[in-house]
Amino acid sequence: MPAPSCGPIKNAWGPGFWAGFVACGIVLIVIVPALNLWVPPASRIALPDYLVPLLGKYLCYGLLALSLDLIWGYAGILSLGHGAFFALGGYCIGMHLMRQIGTRGVYGNPLLPDFMVFLNWKELPWFWWGFDHFAFAAAMVVLVPGLLALVFGWLAFRSRVTGVYLSIITQAMTYALMLAFFRNDMGFGGNNGMTDYKDILGCDVHQPSTRLGLYLASVVALGLGYLLCRFITASKLGRVLLALRDAESRVRFLGYSVTNAKLFVFTVSALLAGIAGALYVPQVGIINPSEFSPGNSIEIAIWVSVGGRGTLSGAILGAVLVNAGKTWLTGAAPETWLFVLGALFVLTTLIFPRGIVGLLRQARWVRPRATAPLPAGEQA
């Protein structure tokens, strides 16, 4: 079977794309809130309040999967530590939410969070300064993951670490962070993490209206993140990324800066993951070191594989479908979930490497030109 062309996405901004994008926006921004706010609760089509943050959580996972697909599907960088950037964004907003509790905590201390009072901290650590302001916390949400990705990526890509070796050191990075954040003397809540949030921007986080607002913020973030990733992959840089994924040495020989290209998309990917984590935390109500678990990062790669690597939309679809299945299966038969997850990974690796979106495009139900071609060794 001849290898598909490695050219850029054709008609990336055509009428068909915008029609689909707007249709999804209408469903998520108009129809979902309408079903929650205006349909009588007794109706079968009503959306209960408890489902709104669950949908918001799925959208955050979609943004996280999108961030990994940008570097794995298009640049060939398989990061098994992307959960670290997600968790760091979550911790940044979690610190702000903890500072907003004030005297409403269990111990009533206006300066120290409850876990610091319990551990006999005498003063607020310097790295907590400024987190009582939302603008500062929002800046840290992107700066902390972005700076870590910039430094880590510069060291790794400058040293020409690629393939499985890069995957291993990204996994080691997130594992090291998990061990560090488990320590009580780090000042981040230890193994219990941070919880018992009260409000965000003056709004009670437990109120349905606030949860709906966070859901809508997740929709907007996912939409903007998708447009950004599509812009990158449809540009000249996207063509370079595909080329270096398939033949990095040839791209370097042609005079392109492989290090700069990889570093740019890796940093952008980390920023998107951090934003996803920041939106995730107030909707689930907790952040703890388990978010750094290497297993979580591996699960992100499975989402992307199931939906379709190198498709962007497939990554989002895979994240939503896999996590919806996880929600149902962990309630119906929790002991089988890990087996199902492992089976999904095997199936996507051996039988349909292009994922769900790839299968649909092969069936000509969707135009096939918007898929980033797989490396030559993975083509059917």
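Worth a mention:
- Protection proxy ranking for 274-282, 136-144, using the average of other Cβ atoms within 10 Å per residue and placing the highest first: 274-282, 136-144.
- Degrees, to the nearest 10: 134-158 long Cα axis against longest axis of the chain: 40
- Adding -39500 (n - 2.57) for every DSSP H run of four residues or longer, then dividing by how many residues the chain holds, sets the calculated 222 nm ellipticity at -21000 deg cm²/dmol.
- Residues in the stretch 204-220 that a label on residue 104 would reach, taking backbone N under 20 Å of a point 7 Å out along Cα→Cβ: 204-215
- P(r) histogram, all alpha-carbon pairs of the stretch 4-143 included - 10 Å bins from 0, percent: 9, 22, 26, 26, 13, 4, 0
- Label point 7 Å beyond Cα of residue 172 along Cβ direction - residues of the stretch 82-102 with amide nitrogen under 20 Å: 82-85
- The mean sequence distance of close C-alpha pairs (under 8 Å, at least 6 residues apart), as a share of the length of the chain, puts its relative contact order at 31 percent.
- Per-residue SASA entry for residue 104, accessible area with 1.4 Å probe, Å² rounded to 10: 120
- √(5λ) per eigenvalue of the Cα gyration tensor, the stretch 212-359, largest first, Å: 29, 21, 14
- Efficiency of FRET between residue 220 and residue 293 - r from beta-carbon atoms, R0 30 angstrom, step 0.05: 0.60
- Residues 303, 126, sorted by accessible area with the largest first, give 126, 303 [1.4 Å probe; ligands and nucleic acids excluded].
- In this simple spin-label model, placing a label point 7 Å from the Cα along the Cα-to-Cβ direction at both residue 44 and residue 191 gives a separation of 4.7 nm.
- Stretching residue 151 away from residue 198 to a fully extended chain increases their span by 13.5 nm, per 0.36 nm per residue minus the current alpha-carbon distance.
- Whole-angstrom gap from the stretch 148-199 to the stretch 57-116, using each part's C-alpha centre: 12
- Close lysine pairs were tallied over the chain: pairs 8 or more places apart or on different chains with Cα atoms under 28 Å apart number 6.
- Here the calculated FRET efficiency for residue 11 and residue 260, from their Cβ-Cβ distance with R0 = 30 Å, stands at 0.60, rounded to the nearest 0.05.
- Taking all protein chains into account, the per residue accessible area for the chain stands at 48 Å² (1.4 Å probe).
- Accessible carbon and sulfur surface of the chain relative to its total accessible area, %, 1.4 Å: 68
- The stretch 29-96 pair-distance distribution - Cα-Cα, 5 Å bins, rounded %: 4, 13, 16, 17, 13, 12, 11, 9, 4, 1
- More than 22 Å apart - percent of Cα-Cα pairs taken over the stretch 89-203: 42
- Summed side-chain charge close to residue 121 - residues other than residue 121 whose Cβ falls under 12 Å, Lys, Arg +1, Asp, Glu -1: -2
- Kirkwood radius for the chain, taken over all pairs of different Cα atoms as the inverse mean of 1/r, rounds to 21.7 Å.
The values are calculated or read from the model by the stated rules, or taken from the named source; none is laboratory data. Fair warning: this is a prediction, and the values are worked out from it, not measured in the lab. As a convention, Cβ positions derive from the backbone with ideal geometry for all residues, glycine included, and neighbour counts pool all protein chains shown. Surface accessibility is based on the protein's heavy atoms, side chains included, excluding ligands, DNA and RNA. Shrake-Rupley method; radii C 1.70, N 1.55, O 1.52, S 1.80 Å.
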